[in-house]
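Below you'll find the structure, written out as structure tokens, and then a few comments.
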Amino acid sequence: MTAKPVLQIPNFQEQYLTSTMKRYKMKTPAWMRVPTDSVEVIELINGHPDGLAHLGAWERLQAWAVRNWKTGGLFIVRQRPMTLNDIAIHSGLQPIHVPILEAAIPRFIDLGWLEKRSSNDLETIMETFEKRLTERIQNRTEQNKTIQWSSSNGFTNISDSDMKGWIDTHPNLDIEHELKKMSDWLASNPRRYTQWRRFITNWLNRARPNGPAPISSDSGWLKDLGDD
């Protein structure tokens, strides 16, 4: 038996999910972000006598997908592909609008706004969506960790991506050695900083390979390394 196709909005995560949704902090969005204008929209309107009706149908499909964003842009209900009648009802349309959807959906596919997937792949598609979303959340959480410094522990919460970024932008510096020099300097010159990332960035920008600490306790630009 041939598997029934399921419709999906491609690149749904990148195009429609906001940062709040990606952190699972919004259950049912009340708005969505869409392009204000595009060549494809003009083509949709002018390329068919019912072009404006098709645009209205597309707005309804997008709205349903965003409200039900955990499906990853898949038009499914109870883990099965939606029929045209399902799509109409769940999108806030009426059964009389099904012929409009029937004419519009192939056009959405031609424009690249929708694609057909095999319902046999539903489980894999959903697992992939969940995995990518989880990875994005983990990466964002890692990036948002605040770098700290203390005399007992030195710098903490420095990620691998932080180190890679500093190494890429300062290839002539020994970053680990510079961090040790910063820590030694801070232990000898206690001050109240909170912007540790800024402190490190400004230090590295002024550091010289194999040179001494780029500041002294009476340096005129000491305040620029971080906030007091």
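The values are calculated or read from the model by the stated rules, or taken from the named source; none is laboratory data. Since the structure is predicted, the reported quantities are computational estimates derived from the model, not experimental observations. Please note: Cβ atoms are built from the backbone with ideal geometry, for glycine as well, and neighbour counts cover all protein chains shown.
Could you run through segment 152-183 and say how many residues are hydroxyl-bearing (Ser, Thr, Tyr) and surrounded by 13 or more Cβ atoms within 10 Å (Cβ to Cβ)? Going through segment 152-183 one residue at a time, the tally reaches 2. On the basis of being β-branched (Val, Ile, Thr) and surrounded by 17 or more Cβ atoms within 10 Å (Cβ to Cβ), does ILE100 make the cut? For ILE100, the condition - β-branched (Val, Ile, Thr) and surrounded by 17 or more Cβ atoms within 10 Å (Cβ to Cβ) - is met.
Of all residues in segment 24-47, those that are at pLDDT below 75 and surrounded by 14 or more Cβ atoms within 10 Å (Cβ to Cβ) total 1.
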